[in-house]
1. Residue 108: net charge of surrounding residues, Cβ under 14 Å, Lys/Arg +1, Asp/Glu -1, itself excluded?
2. Can you figure out the FRET efficiency of residue 133 with residue 218, using R₀ = 41 Å and their beta-carbon distance, to the nearest 0.05?
3. From the phi of every residue in the range 151-161, what ³J(HN,Hα) in whole Hz does the Karplus formula 6.51 cos²θ - 1.76 cosθ + 1.60 yield, where θ is phi - 60° and glycine or proline is x?
4. Across the range 12-211, how many lysine pairs separated by 8 or more positions, or lying on different chains, have Cα atoms within less than 15 Å?
5. Under a plain spin-label model, where a point goes 7 Å from the Cα along Cα-to-Cβ, how far apart in nm are residue 51 and residue 202?
6. Assuming R0 = 30 Å, what is the FRET efficiency of residue 190 and residue 36, from their Cβ-Cβ distance, to the nearest 0.05?
7. Arrange the following residues from fewest to most other Cβ atoms within 10 Å of their Cβ: 179, 40, 144.
Amino acid sequence: MTPVNKEEIDRLELRYEVARKTIHLSSLSIPLIYFFITRELALFLLIPLFTGFFMVDLLKNFVGPVANWYHKTFDSMLRTHEIKGEKNHLNGATCITMSALLLVLFFPKLIVIAAFSMVAISDTLAAIIGKAFGKHRFGQKSIEGSMAFFLSALLIMLLVPGIDHGIGFAMAVVGTITESFVLRIGGFRIDDNISIPLVSATFGTLAYMLFLPGTIAFLSIGF
């Protein structure tokens, strides 16, 4: 069993966690806007947005002035794995825009809206509730935070127009399980802004294909 890294749990004070997650919550604008626009227009907006965040993330590792500005501005809201010098990690903003881009590229619109709303809202509540009230810890998470994630995810699935409630419930369960663990490939940590929406969207899409085929439009990969 991997030992718990206390620095990773406790580094951010509650006020900085709230500030970080307030910014994170603003990503809810992505599924809200996508509800009203076409996939092509969404990609037109997301590709340059992701590219901008990614370039800053990349340049901060190699260009001194960019690194100085970045760390001076954002270090107080960064997690330990985002500022360690020995490994280059993508920050939360890059990961959230990457996940939005991948979702719009490869998943049906209904699934995108449900999965991304869940990571925008439920992940925010899980972090804040876990930081403020989390007493029962497992690994780097807390039971209180995970319960906040699950209950808010259920509410989201009830409110997303048109989604099957059974599949929505299953997506909430899968999202909660994914949020509860730190996923790694080798030494690289997979950010939960990527893992939560992509894993839950994959599950939801497969569930529709298996149990409710033909009820939602599926994408062809071509443009």
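A short reminder: the numbers here are calculations on the coordinates, not readings from a lab. The structure displayed is predicted, hence computed values, not measured ones. When we count neighbours, we look across all protein chains shown, and the Cβ atoms used for this are built from the backbone with ideal geometry, even at glycine.
1. Local charge sum for residue 108: +1.
2. Working from the Cβ atoms, E equals 0.50.
3. 5, 5, 5, 4, 4, 4, 5, 6, 9, 5, x
4. 6
5. Label at residue 51, label at residue 202, 2.8 nm between them.
6. 0.45
7. 40, 144, 179
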